[in-house]
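Asks: Mind looking over this structure? Questions follow.
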Amino acid sequence: MGCEYLIQNTKRIIVALDFSSSKEALGLADQLDPSRCRLKIGKELFTRVGPDIIEKLQGKGFEIFLDLKFHDIPNTTAAACAAAAELGVWMVNVHAMGGRRMMEAAREAIDKSSHRPLLIGVTVLTSIGLSDLNEIGISTDPADQVMRLAKLSHDAGMDGLVCSAQETPILRQEFGSDFVLVTPGIRPTGSDVGDQKRTMTPLEAIHSGASFLVIGRPINQAKCPRQVFDSIDYELLNISS
Ligand code: C5P
């Protein structure tokens, strides 16, 4: 289940910098080691502080997942992806609901860039349930909708998907070991679940086929983030040796 791919990728943890200021983001980054993890910048931090934070974190040696989930007409999405590529980020994402032409335009824009981040599709947000889908006119079951959008993303040339750890086994089986599966909703044993509904431990998520784990609150809200990070990383290093 994608093990060859996983063993070659030791930096599997992506720490979510879900903060409202550069100070907090840089403070956490200073406790982490860029040779052991990557960082995710989402809509809040990016909207508040702008692209400078990316440059600062890259200056410290970190690779950045810019999680802005672009979703617009093909031309605008392509331009946004080109702008993200120019910032030198490692990973960028778009909503698969934007459709094939939008994803293909994003793919083309990134392929034309001198720096080519991984381009990842977002299928159905983990916060969306059956009744939410019905309300927006989609009568498909969420799991079927995920698979439909996953296939579309794969066909449109996405490098991988953001998905829940529950979805990884079937997606790994369908798309093979080269497809990147990025999994949020990770909770180390004994940590607070918060608002995430279906969680997995880091080890379970890797065993289920995840390529990268997005971990937010268990690390960014910890009293000693470095200690929490080290314990997760240690657990994961053991499985690949
Ligand atoms: O704090 P926690 O570990 O739940 O953070 C998860 C991170 O992953 C957050 O930055 C959140 O925006 C992101 N995410 C998610 N679920 C998705 C997609 C992204 O929790 N389906």
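Asks: Calculate the FRET efficiency for A83 and D195 from the Cβ-Cβ distance with a Förster distance of 30 Å, rounded to the nearest 0.05.
Replies: The value I calculate is 0.45.
Asks: Quick query: amide H of A16 versus all other amide H atoms, modeled in the peptide plane; which residues come in under 5 Å with a sequence gap of 5 or more or a different chain?
Replies: Under 5 Å from the amide H of A16 lie the amide H atoms of K40, I215, G216, each far enough along the sequence or on another chain.
Asks: Rounded to the nearest 0.05, what FRET efficiency do D132 and T47 give with R0 = 30 Å and r taken as the Cβ-Cβ distance? Could you check?
Replies: With a Förster radius of 30 Å, E is 0.80.
Asks: If you plug each phi of segment 170-175 into the Karplus form 6.51 cos²θ - 1.76 cosθ + 1.60 with θ = phi - 60°, what whole-Hz ³J(HN,Hα) values come out, in order, with x for Gly and Pro?
Replies: 6, 5, 4, 5, 6, 10
Asks: Give me the net charge of I110's neighbourhood, meaning all other residues with Cβ under 14 Å from the Cβ of I110; Lys, Arg count +1, Asp, Glu -1.
Replies: -2
Asks: Considering only the chain, what is the antiparallel percent among its DSSP beta bridges, to the nearest 5?
Replies: Close to 0 percent.
Asks: So, one more: Taking a 19 Å limit on the Cα-Cα distance, which of the listed pairs K11/K43; K23/K223; K11/K112; K69/K223; K23/K43; K43/K69 fall beyond it?
Replies: K11/K43; K11/K112; K69/K223
Asks: I've got another one for you. Which of the peptides 112-119, 39-46 is most tightly packed, and how do the rest follow, judged by the mean count of other Cβ atoms within 10 Å per residue?
Replies: 39-46, 112-119
Asks: Further question: Between D33 and E204, what length in nm is gained on full extension when 0.36 nm per residue of separation is reduced by their alpha carbon distance?
Replies: 59.2 nm
Asks: Calculate one ³J(HN,Hα) per residue across segment 65-73 by plugging θ = phi - 60° into the Karplus curve 6.51 cos²θ - 1.76 cosθ + 1.60, and present them in order as whole Hz with x for glycine and proline.
Replies: Per residue, the Karplus-derived 3J(HN,Hα) values read 9, 8, 9, 10, 6, 4, 7, 7, 5 Hz.
Asks: Okay, moving on. From the helices alone, meaning DSSP H stretches of at least four residues, give me the mean residue ellipticity at 222 nm for the chain, per-run term -39500 (n - 2.57), in deg cm²/dmol to the nearest 500.
Replies: Estimated from H runs of four or more residues: -13000 deg cm²/dmol.
Asks: How high is the FRET efficiency between K60 and A222 when r is their beta carbon distance and R₀ equals 22 Å, given to the nearest 0.05?
Replies: 0.65
Asks: State the extension gain, in nm to one decimal, for the chain segment bounded by D111 and Y234, taking 0.36 nm per residue of separation less the distance between their alpha-carbons.
Replies: 40.7 nm
Read the figures in this text as sums done on the coordinates, not as results from a lab. The structure displayed is predicted, hence computed values, not measured ones. Ideal geometry is used to build each Cβ from the backbone, glycine not excepted, and the neighbour counts take in all protein chains shown.
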